[in-house]
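Colleague: Sharing a structure here in structure tokens format.
Here, each number is a calculation from the coordinates, and none is a lab measurement. Small disclaimer: the values here were computed from a predicted structure and weren't measured.
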Amino acid sequence: MTTWTNRLLWLTYTALLAVLLPHTAWTFSQFEPPAWRWLGWIAAAAFEGAIAAFTWRLKQHIEESTRHRSAWRRFQARYLNVNAIGLITALAISAAANFAHAVEFGQPFAVFARYGVSPFVYAVGFGGILPLCSLLFARILADVHPAEEEENQEIAEEKRKRREADARTRQAEADCQQLSARLGEAEDVIRFLFATEKRARILGVHERWPALPHSAIAVITDASPSYVSEVLAQNLVTTPPLQGEDIHVD
């Protein structure tokens, strides 16, 4: 937003608050004794000033909310804060005051009778709803452009895609590691299953599957059961057992 545009908007907003000020002052003065009617102006100035201050702070919250990626987080940062609550509270009081002034001094228009329009509509439109424009001004005055929000959404989408791609890459690496380990095991099995010497095949099968009976080892290694028993017995004799461990030969 250019500087002159920003100044023009603030000037317009200040003029709106200035128009609302006497209406709010009149309403507050109705609750004071005649000698203290001037307190109504002080109260009105305080509330209209609070509206301007809360609008300024809410504008800052709206500008800072662009760092959030999700729409819900941006909405929370913008409107679910103490400044928004304070602005809405001050607006409600100012709206009630201006609505009361419009009802009190509103004159009947020909349009009321000609088209059957309720005077309530004009009291709301020309009195009560005016302070609510501060919420719109807070959004308009904030230096946030739709292009920036779209850019933030595009950045968030790119980050989400990048995270998904990284997760797929990590999963693929884990799968490759598992496949490599299985291939290594398969290579060891193939090595001793197709060894030239039957003794090497027998020892390899027994080491890989120690619970297999000798008859099954004989079938796998294409050897006789007696030779399998002989080879395994010799292996147990040549390999010293752990202390306290018994040697059993089938």
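Colleague: Calculate the all-directions average of the projected area of the stretch 74-141's alpha-carbon convex hull, and give it in nm². Display every interim value, and only then the final one.
Modeller: Details: hull surface 23.0 nm².
Mean projected area for the stretch 74-141: 5.7 nm², to one decimal.
Colleague: Moving to a separate point now. For the stretch 1-79, take the convex hull of the Cα atoms, compute a quarter of its surface area, and give me that in nm², please. Kindly include the intermediate steps, with their values, before the conclusion.
Modeller: Details: hull surface 26.6 nm².
Result: a mean projected hull area of 6.6 nm².
Colleague: Right, here's the next one. Under the √(5λ) rule applied to the eigenvalues of the Cα gyration tensor, what semi-axes describe the equivalent ellipsoid of the stretch 3-144? Give them in Å, descending.
Modeller: Here the semi-axes work out to 31, 20, 14 Å.
Colleague: Assuming 0.36 nm per residue, please report the length gained on full extension of the stretch residue 114 to residue 211 beyond their Cα-Cα distance.
Modeller: 24.5 nm
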